[in-house]
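Comments concern the structure below.
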Number of protein chains: 2
Amino acid sequence: MFEQLGLIGCGLMGGSFALALKKAGLVKRVVGYSKSPTTTERARQMGVIDVEAPSALLAVAGADIVLLAVPVAATGATLKSIKHLITPQMLVMDVGSTKADVVQAARTALGQQLGSFVPAHPITGKELAGVEHADANLYRGAKVVLTPTERTLTAQLHSAQLLWLALGCEVTTMSPQAHDAAFAAVSHLPHLLAFAMMHSITGQLHGEDYLQLAGPGFKDFTRIAAADAHIWRDILHANRSGVLDQLQHYRQALQAFESALQASDASALETMIEHASAARAQCFTAPAAPGLPASAGLPSHD
Amino acid sequence: MFEQLGLIGCGLMGGSFALALKKAGLVKRVVGYSKSPTTTERARQMGVIDVEAPSALLAVAGADIVLLAVPVAATGATLKSIKHLITPQMLVMDVGSTKADVVQAARTALGQQLGSFVPAHPITGKELAGVEHADANLYRGAKVVLTPTERTLTAQLHSAQLLWLALGCEVTTMSPQAHDAAFAAVSHLPHLLAFAMMHSITGQLHGEDYLQLAGPGFKDFTRIAAADAHIWRDILHANRSGVLDQLQHYRQALQAFESALQASDASALETMIEHASAARAQCFTAPAAPGLPASAGLPSHD
C-alpha cells in the first residue's frame, strides 16, 4: 500500500494507472501533473487524481511512488526536473515503449538517484489517447516488462514486481537492449507497417473508394495505425536501429511472398501461408495468465 | 421466402449463410453438400443443413436458391457439375473474395445458365474456418458486394439484393474488375502483409522469444494471418496482378517511412503518422448501417 502517487502525465496510460491503483486499494492519494493544465483539471474532475500539482516537481513532493507517463523523448527532462525530490525510499517508474533510450536518459538525469528508478513497459494501450479514455482495467491481464539497471535497488525492483502483480499483470524482467530488440519486432515495426498501409491506400486515385469497402479484417489490421502521432514518432525514433533492422527482415519475408506470386507458385504460397497461420495460432493459444499469487501480499479489490 | 437452399460447401461461410436464412425465416429446407462427408454429416448434426446430399448436383435438385461456398478456384468445376439442373428461376450465388476469376469461370461453365448467377462477396469472416464456427449472425452488419454480369437476370439481381438486405447487410453493386482492385488494397494485400509478418519473426533466431512478448496490438494486426491456407492461396493467386500492383504502392509508402527513419527526420515521421492515424480514424467512424428497409418486403425474425 502506498501513501501517495505522484503522477506525471495524466493521459491514457497514467490516468489508467491511477485508477487501477485506486480500484485495487493500493494508494491513498494521487497528486497529478500534466503539461496541459486542461488535462490535469479534467483528470481531477474525473476522479483520476485527487490533487492538481502545478509542476512535475510538486507532483513528486511527498510521494512514495511516482509514475512518469510521458512520451519517451520527454523522460530525461522530466526526470531531471524532479531529481532533487527523489528519495532512496521512493519507487519511480515509467511506462515507455522503448527502454534503452529511457535507461540512458535516466542515467544522465538521475545520477545518485538512479537506484529508485525501475524502467517499466506495460504491454497494453488503446488506439484512443487521453485521460477521457482512462480505464481502471487497462492493465489487467497485460504483460509488464521491467528493465532494471545494475544500480536499481532490489527493494524498488521487488516493490515494482509486487505492484504490477497486484494489478493483475504478468511481470517479466530483461535488459533494455533485449526489450528493444523484441519490441521492434512485435510492436514498433507492426505500427510502422500499419501506418504505411494507410498511406499506401490514401495515396491512390481511388483510395477513398477502396476504404469504403474495408471490412473487419482491415479494421483489426490497421487498429494500431490510429495511434498517437507524437508518442509513436518518439518510439520509432528512439528505437530507430531496432526498427530498421526488423524492416530488413520484413522485406525479405515480403520478397518471398512476392516471388511466389510472380512465379504463380501456388504450392509455395500455400506452404508459406500455412506456416504463418500456424505460427499465429500458436502465438495466441494460451491466454495471458493474470491474477494475484498468494505470495504477492497485496490486496486486490476486484 | 425460399423453399429450398442448395448449399455447396458447408464450412464457415456456407454454414453461417444457412443458419442466417433459417434464423430469418427465409428458407424452409436446406440440402447441403461438402467435399468431405464428415463435414456434411457434422453440418446436419448441428442443424445447419436438414438433408445431406451425396453430390453438388443433388444438392441443387429441387432448390430455388443455391449458394456456392467453396474456395474460389473450385468455382468453375462446381458450376459445371451443377449446370444442367440450374433453372431460369433459380438464384445461384457464390461468396468468393475475388470476382473477376469467378465471373470468368461462370461464363465458361454456365453458358445459357449464366443469367441465374449473381456473384457475391460478403465482407465478413472469422479466423477460424469450419462448420463448427458457423454463426447465424456472421453476416449481420456486413457489406456485401454484388458483381452481376451483363447477362445476369434483373429478377435474380433484385432477389439477391433483397435477401442480403434481409440478413442485415449493406449491399453494393460494382464490376468484378473494380471489386478486385479495391479488395487487393483493403483485404488481399493486408493478408499477405500479415502472413509476411509471421514469417519475418519466426525466421529470426530469437523469434519465438519475441512472440512471447506480443501484446494486443500485435494480436489484432496479425489476426488475419491465421486465415485458411487453401482459401487464401486461391484468393492471392486469383487476384495476383491486383495484389502485385498494390504491393508496389505499399513498397513506396514503406520506403517513405524508412527514409524518414534513416534520416532521423522526426518531423516528417510525425506528419506521416498523423496522416495515417487520421485516415484510420476517419475510415471507421461511421458504423456499417445494417437493417431492413421497409421496402425490402422480406421478414426479419431477430
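Here are the numbers:
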read-out: Condition check for A:Thr108: surrounded by fewer than 24 Cβ atoms within 10 Å (Cβ to Cβ), assigned to a loop (DSSP other than H, G, I, E, B) and more than 18 Å from the chain's Cα centre (by Cα); value: no
read-out: Total residues in the stretch A:135-165, condition at the interface with chain B (Cβ under 9 Å from one of its Cβ atoms) and in a helix (DSSP H, G or I); value: 0
read-out: A:Glu127 being surrounded by fewer than 21 Cβ atoms within 10 Å (Cβ to Cβ) and either over 30 Å from A:Glu41 (Cβ atoms) or more than 13 Å from chain B (Cβ to nearest Cβ) (or both); value: no
read-out: All positions within the stretch A:183-226 that are over 20 Å from B:Gly215 (Cβ atoms) and among the polar types (S, T, N, Q); value: A:Ser200, A:Thr202, A:Gln204, A:Gln212
read-out: Among (1) within 25 Å of A:Ala142 (Cβ to Cβ); (2) in contact with a Phe, Trp or Tyr (Cβ under 8 Å, 6 or more places away or on another chain); (3) in a helix (DSSP H, G or I) - the single one A:Leu58 does not satisfy; value: (1)
read-out: Close pairs (9 angstrom Cβ cut-off, 6 or more residues apart or separate chains): more than 7 Å from chain A (Cβ to nearest Cβ) in the stretch B:271-292, at pLDDT below 85 anywhere; value: B:Gly291/B:Ser300; B:Leu292/B:Leu298; B:Leu292/B:Pro299; B:Leu292/B:Ser300
read-out: Per-region count, the stretch B:122-138, residues closer than 14 Å to B:Ser187 by Cβ and at pLDDT below 90; value: 2
read-out: Odd one out for A:Ser259 among (1) buried (at least 17 other Cβ atoms within 10 Å of the Cβ); (2) at pLDDT 95 or above; value: (1)
read-out: Residues within the stretch B:5-32 that are touching a residue at least 60 places away in the same chain (Cβ under 8 Å) and in a strand (DSSP E or B), tallied; value: 4
read-out: Helices (runs of 4 or more DSSP H) fully within the stretch A:166-256 counting 3 or more residues that are at the interface with chain B (Cβ under 7 Å from one of its Cβ atoms) and over 20 Å from the mean Cα position of the chain (by Cα); value: A:189-202, A:207-212, A:216-221
read-out: Qualifying residue in the stretch A:80-93 (condition: among the small types (Gly, Ala, Ser) and surrounded by 24 or more Cβ atoms within 10 Å (Cβ to Cβ)); value: no
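Listed here are the residues, each with its yes/no results for (1) surrounded by fewer than 20 Cβ atoms within 10 Å (Cβ to Cβ); (2) not aliphatic (A, V, I, L, M).
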{"residue": "A:Lys99", "(1), (2)": "no, yes"}
{"residue": "A:Pro122", "(1), (2)": "no, yes"}
{"residue": "A:Leu146", "(1), (2)": "no, no"}
{"residue": "A:Leu153", "(1), (2)": "yes, no"}
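The values are calculated or read from the model by the stated rules, or taken from the named source; none is laboratory data. Remember, predicted model here, so these are calculated numbers, not experimental data. Here the Cβ is made from the backbone with ideal geometry for all residues, glycine too, and neighbour counts use every protein chain on show.
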